[in-house]
Every structure is written in structure tokens, then in C-alpha cells.
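Presented below is the structure to which this report refers.
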Amino acid sequence: MDMPKGVKQAVIATWASLVIFALVAVVEKRMGMLTYGEFGAYLIGYGIFCIFPYKLSKGSNVTRYVFTILSVIGLLMMLGGTEGMKKLDVIFSILLLPLNIFIIWRLFTGEANDWFTNKRPPALPQQ
């Protein structure tokens, strides 16, 4: 079964949001808002988060739930207060909120549910 169009859109949007936040980190570093250590930690974190679009594109049902849970936790933390967050991070988190809602919506449409729940590992060859 081929990946549904909605899942492809969600994967592309996830990659786009990671690229945007990595670029925001570069801008913050250039503006002197981040130390080298903070900048490195951000890039390592974004590198780790690259696992999400990759695993989503492979049909990992667990990944779509973990992604959704982490997105909701991030939103709740942001609603609780933005103290300690860099100004550009806050701005882009708010601007990209509709994109995150779109991603989650596309990951849980009917065709996406069918695709994620019907993915089975390939059977081992019989001898």
C-alpha cells in the first residue's frame, strides 16, 4: 500500500518545520542570542527530531502518537509561559502552530489511520 497523500503532506510539513527552526537557531546565533553551546544543543536536538519525519514516512504508528504527544506537551508548556524562551523561538512557535495542527490532522485522517494500522513488517521467507 502506497503512502497516502495526506501522510506525504504531513512528512513534508514536518521536514519544513525542522528546517525553519534550524534556520531560526542560525539567526539567533548570528544575532548573539545563543552561545555556541546552546546553538550546538539546538542543532543536535533538531537532528534527533529528524527521526520523526523519517519514521512517519516508513509507516511507524508509534511515531505518529509520540509526535502528537510531544507536540501537545510543547503547546501546553508554551501556554504555561514563555519565560526562558528566545523571542524568535516564541514567534515562530506561534506562527507554526497552524502547521503543527495540520500535520497532526493529516496523520489521523481515515486514509492515514488505515495506512498506519495496516503496515506490517515483511514476512520472513519460508524455507
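The values are calculated or read from the model by the stated rules, or taken from the named source; none is laboratory data. The model shown is predicted, which means the values in this text are computed figures rather than measured ones. With ideal geometry, Cβ positions are generated from the backbone for all residues, glycine too; neighbour counts draw on all protein chains shown.
Kindly indicate whether residue 33 is modelled with pLDDT under 95 and either out of contact with any Leu (no Cβ under 8 Å at 6 or more places or on another chain) or within 18 Å of residue 101 (Cα to Cα) (or both). The answer is no for residue 33. Residues in the stretch 5-41 that are in contact with a helix residue (DSSP H, G or I) (Cβ under 7 Å, 6 or more places away or on another chain) and without any contact (Cβ under 8 Å) to a residue 12 or more places away in the chain: 29 only. Here residue 52 fulfils each of the conditions (1) over 15 Å from residue 11 (Cα atoms); (2) among the aromatic types (Phe, Trp, Tyr); (3) touching a Ser or Thr at 6+ places or on another chain (Cβ under 7 Å) apart from (1).
Exactly one residue out of 28, 38 is among the acidic types (Asp, Glu), part of a helix (DSSP H, G or I), at pLDDT below 95 and in contact with an Asp or Glu (Cβ under 8 Å, 6 or more places away or on another chain), and it is 28.
The one condition from (1) over 11 Å from the mean Cα position of the chain (by Cα); (2) outside any loop (DSSP other than H, G, I, E, B) that residue 46 does not meet is (1). Among the residues of the stretch 103-116, is there at least one that is surrounded by 10 or more Cβ atoms within 10 Å (Cβ to Cβ), of a type in the set (D, E, K, R), under 17 Å from residue 18 (Cβ atoms) and touching a residue at least 24 places away in the same chain (Cβ under 8 Å)? So far as the stretch 103-116 goes, yes, one or more of its residues are surrounded by 10 or more Cβ atoms within 10 Å (Cβ to Cβ), of a type in the set (D, E, K, R), under 17 Å from residue 18 (Cβ atoms) and touching a residue at least 24 places away in the same chain (Cβ under 8 Å).
Out of 44, 103, 91, one residue alone is within 28 Å of residue 5 (Cβ to Cβ) and out of contact with any Leu (no Cβ under 6 Å at 6 or more places or on another chain). It is 103.
Might you check whether a residue that is among the polar types (S, T, N, Q) and farther than 21 Å from residue 114 by Cβ occurs anywhere in the stretch 46-59?
No, that holds for no residue.
When the criteria are applied in full, residue 88 fails the requirement of being in contact (Cβ under 8 Å) with a residue 12 or more places away in the chain, under 15 Å from residue 49 (Cβ atoms) and touching a helix residue (DSSP H, G or I) at 6+ places or on another chain (Cβ under 7 Å).
Can you tell me which of (1) polar (S, T, N, Q); (2) in contact (Cβ under 8 Å) with a residue 24 or more places away in the chain; (3) over 24 Å from residue 5 (Cβ atoms) is the one residue 68 doesn't meet? It is condition (3) that residue 68 fails.
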